[in-house]
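The values are calculated or read from the model by the stated rules, or taken from the named source; none is laboratory data. It should be emphasised that the depicted structure is a prediction, and the values quoted were computed from it without experimental measurement. Methodologically, a virtual Cβ is constructed for each residue, glycine included, from the backbone with ideal geometry; neighbour enumeration extends over all protein chains shown. Just the protein is used for accessible areas: all its heavy atoms, side chains included, with ligands, DNA and RNA removed. Shrake-Rupley method; radii C 1.70, N 1.55, O 1.52, S 1.80 Å.
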Amino acid sequence: MGRAFEFRKERKLKRWGHMARTFTKLGKEITIAVKQGGPDVTGNPRLRALMAEARSEQMPKENIERAIKKATESKQGDFKEVIYEGYGPFGIAYLVETATDNNTRTVANVRSYFNKCGGSLGTSGSVAFMFDHKCVFRIKEKEGLDIDELELELIDYGAEEVFEETVVDKDDNESKEVVIYGDYASYGAIQKYIEDNGYELVSGGFEQIPNVELKEVTPEQRSTLEKLIGLLEDDEDVTNVYTTMKPAEE
């Protein structure tokens, strides 16, 4: 198993805490995808992946339609993806992804969260080099699927790691999904392979994978660092928060 698997296993990527946040995040991403590639899912692979994720999250149809409409109405605000970089206390690097229609508001909020927790907002490029931007897909596992064979096939399309993951739904039912990581630029090729070979796409997107050794912290330090993560994640403009802090062991 490689770096992406270990990162996902250790970090235990947080899903948005409640339904409202999930829908807000997806709505903004759908709006951005439509702005960039148009409302026709046939010619917009990013939108197709987001629609699949919206279905898996049981996002109401009217929420999806509202997000698409917002992108096609010029009078509506234009969401843009902006990344902020900084350091929390104890030398932990933070990479904060946002989708905002008011950058002045967002940067002021993000800066205030860092300041409250003894950290500081940095300049562009100050911590980005510590992370690799990867594409990531989740697909439903087919009966009799050989993960090793699938990985060998997907290598030709830019995949770097392929592994199984157990997923638990809201009713505590377990199922298996396959997680595929690849280079950022391989997004389109991997998605095309998934669709052409009849796999059920659960989601497709991007993640920032730390490429440095994750730092050990004490329980007291972790409390402060997680407070900063919580403040950031509670902001409606923030979509993802990544750090170089090593997660607590179970």
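Please calculate how many Å² of accessible area the stretch 68-217 carries per residue, with a 1.4 Å probe and no DNA, RNA or ligand atoms counted.
Ligands and nucleic acids excluded, the figure is 52 Å² per residue.
In whole percent, how big is the carbon plus sulfur part of the accessible area of the chain, probe 1.4 Å, protein atoms only? Let's see the in-between values first.
Details: 6230 of 13240 Å².
Solvent-exposed carbon and sulfur of the chain make up 47 percent of the total.
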* For the stretch 82-167, size of Cβ-based charge dipole, Lys and Arg +1, Asp and Glu -1, in debye -> 1140 debye
* Asked: What nm distance separates the two modelled labels at Gln58 and Val168, each placed 7 Å from Cα along Cα→Cβ?
  -> 1.7 nm
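May I ask you to derive the relative contact order of the chain, considering only C-alpha pairs under 8 Å and at least 6 residues apart, and to give it as an integer percent? Working shown, then result.
Values: 383 pairs, mean separation 59.2, N = 250.
The normalised contact order for the chain reaches 24 percent.
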* Do you know the relative contact order of the stretch 57-192, to the nearest whole percent, from alpha carbon pairs under 8 angstrom that are 6+ apart? -> 19 percent
* Structure fact -> In whole angstrom, the spacing between the Cα centers of the stretch 193-214 and the stretch 31-52 equals 16 Å
* To do: Assign unit charges at the C-beta atoms only (+1 for Lys and Arg, -1 for Asp and Glu), then state the dipole size of the chain relative to its Cα centre in Debye, rounded to the nearest 20.
  => 1360 debye
* To do: Report the calculated FRET efficiency for Asp156 and Glu220 (r = Cβ-Cβ distance, R0 = 45 Å), to the nearest 0.05.
  => 0.40
* Structure fact -> Dipole check, the chain, charges on Cβ (K,R +1; D,E -1), about Cα centroid: among Leu145, Ser112, Ile155 the Cα furthest to the positive pole belongs to Ser112
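Longer than 25 Å from Cα to Cα, which of Lys70/Lys134; Lys28/Lys134; Lys25/Lys227 are they? Say none if no pair is.
Details: Lys70/Lys134 28 Å; Lys28/Lys134 20 Å; Lys25/Lys227 21 Å.
Correct reply: Lys70/Lys134.
Mind putting a number on the dipole of the stretch 18-83 about its Cα centre? Charges go on the C-beta only, +1 for Lys and Arg and -1 for Asp and Glu, and I need it in Debye to the nearest 20.
On the way: 13 positive and 9 negative charges, 20 e Å.
The calculation lands at about 100 debye.
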* Packing rank of 141-148, 57-64, where each peptide gets the mean count of other beta carbons within 10 Å, highest leading -> 57-64, 141-148
* Asked: Under a plain spin-label model, where a point goes 7 Å from the Cα along Cα-to-Cβ, how far apart in nm are Asn211 and Arg111?
  -> 3.0 nm
